[in-house]
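Enquirer: Sharing a structure with you now.
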Amino acid sequence: MQPGWRVWRRPVPDSRMQRLPKTIDTDRFAPIEAGKRFDVIATSRLTPYKKFDEIAALGETHRVAVIGDGPRAAALKRRFPQVTWLGHVPNAQVPAMLAQARLFFHAGRRDYFPRAIPEAMACGLPVAAFDDRIGTDVIPRRCGLLVRDADYRAKVAALLHDPAATTAMGTAARAHAVATHGPRSSEAACRRLLELAA
């Protein structure tokens, strides 16, 4: 779309692009009644290029958990003992783990649209992410929070202290995920791509 220094490439016009949704099983990733063991939950591979400082900072004032495993697991547990490191959770069991939290927090700065976001939304969780990478096309404002380094702790705390707002955002997030990422969500985009290729 923006070729930059590759001067032999021309930008691709918006009319010739189609973004494919993150199609997920919204029957499996769905709200489940469960006790709220955690205020904030995240999913991530525990690798050297992932950063967990923001999640750990939230763990100083909230009950925070991370689903995921990887080569940095032992080091992260030692460095950030205030976080509950849940380790590897089979994908089929992820919805039940998400149901135990009140908010999903995506701290990643490298990926624009990880599948974990619509999965959490489909489970009825509001989602918070940094606005230097994630936009309102991924997390509509009614479905969560777009935050910055300077305000993420305050915004997360304010939302968690407002149960009505948390519930409303979670309900909106579920509706959005079902409408835009359900099992048949790729059909229109695929039809459009076939038209463009013709």
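Enquirer: With all protein chains present, calculate the accessible area of Arg174 using a 1.4 Å probe and round the result to the nearest 10 Å².
Expert: 60
Enquirer: Further, regarding this structure: Helix 163-181 versus the longest principal axis of the chain: what is the Cα-based angle in degrees, 0 to 90, to the nearest 10?
Expert: 30
Enquirer: Please give, to one decimal in nm, the separation of the simple spin-label points placed at Asp137 and Ala157, each 7 Å out from Cα toward the Cβ.
Expert: Label-label distance for Asp137 and Ala157, simple model: 3.5 nm.
Enquirer: With θ taken as phi - 60° and the coefficients 6.51, -1.76 and 1.60, list the Karplus ³J(HN,Hα) couplings across region 35-41 in order, rounded to whole Hz; mark glycine and proline as x.
Expert: Once rounded to whole Hz, the list reads x, 8, 6, 10, 7, 10, 9.
Enquirer: Work out the charge dipole of region 2-111 with +1 on the Cβ of Lys and Arg and -1 on the Cβ of Asp and Glu about the Cα centre, then indicate which of Thr84, Phe38, Ser15 is farthest towards its positive end.
Expert: Highest projection toward the positive end goes to Ser15.
Enquirer: About its Cα centre, what dipole magnitude does the chain give when the only charges are +1 on Lys and Arg Cβ and -1 on Asp and Glu Cβ, stated in debye to the nearest 20?
Expert: Magnitude of the dipole: close to 560 debye.
Enquirer: Quick check on the chain: helices-only [θ] at 222 nm, where DSSP H runs of length 4 and up contribute -39,500 (n - 2.57) each and the sum goes over total residues. Nearest 500, please.
Expert: Taking each H run of at least 4 residues, the total per residue is -9000 deg cm²/dmol.
Enquirer: Next question, about the same structure. Can you give the FRET efficiency to the nearest 0.05 for Ala198 and Arg109, using r as the Cβ-Cβ distance and R₀ = 30 Å?
Expert: Working from the Cβ atoms, E equals 0.20.
Enquirer: Could you give each residue of region 139-148 its phi-based ³J(HN,Hα) in whole Hz, using Karplus coefficients 6.51, -1.76, 1.60 with θ = phi - 60°, and x for Gly or Pro?
Expert: Those phi angles translate into 10, x, 4, 6, 9, x, 10, 9, 10, 10 Hz.
The values are calculated or read from the model by the stated rules, or taken from the named source; none is laboratory data. These figures come from a predicted structure and were not determined experimentally. Positions of Cβ are backbone-derived with ideal geometry, glycine not excepted, and every protein chain shown enters the neighbour counts. For the accessible areas, the whole protein counts, side chains as well, though only heavy atoms, and no ligand, DNA or RNA atoms are used. Shrake-Rupley method; radii C 1.70, N 1.55, O 1.52, S 1.80 Å.
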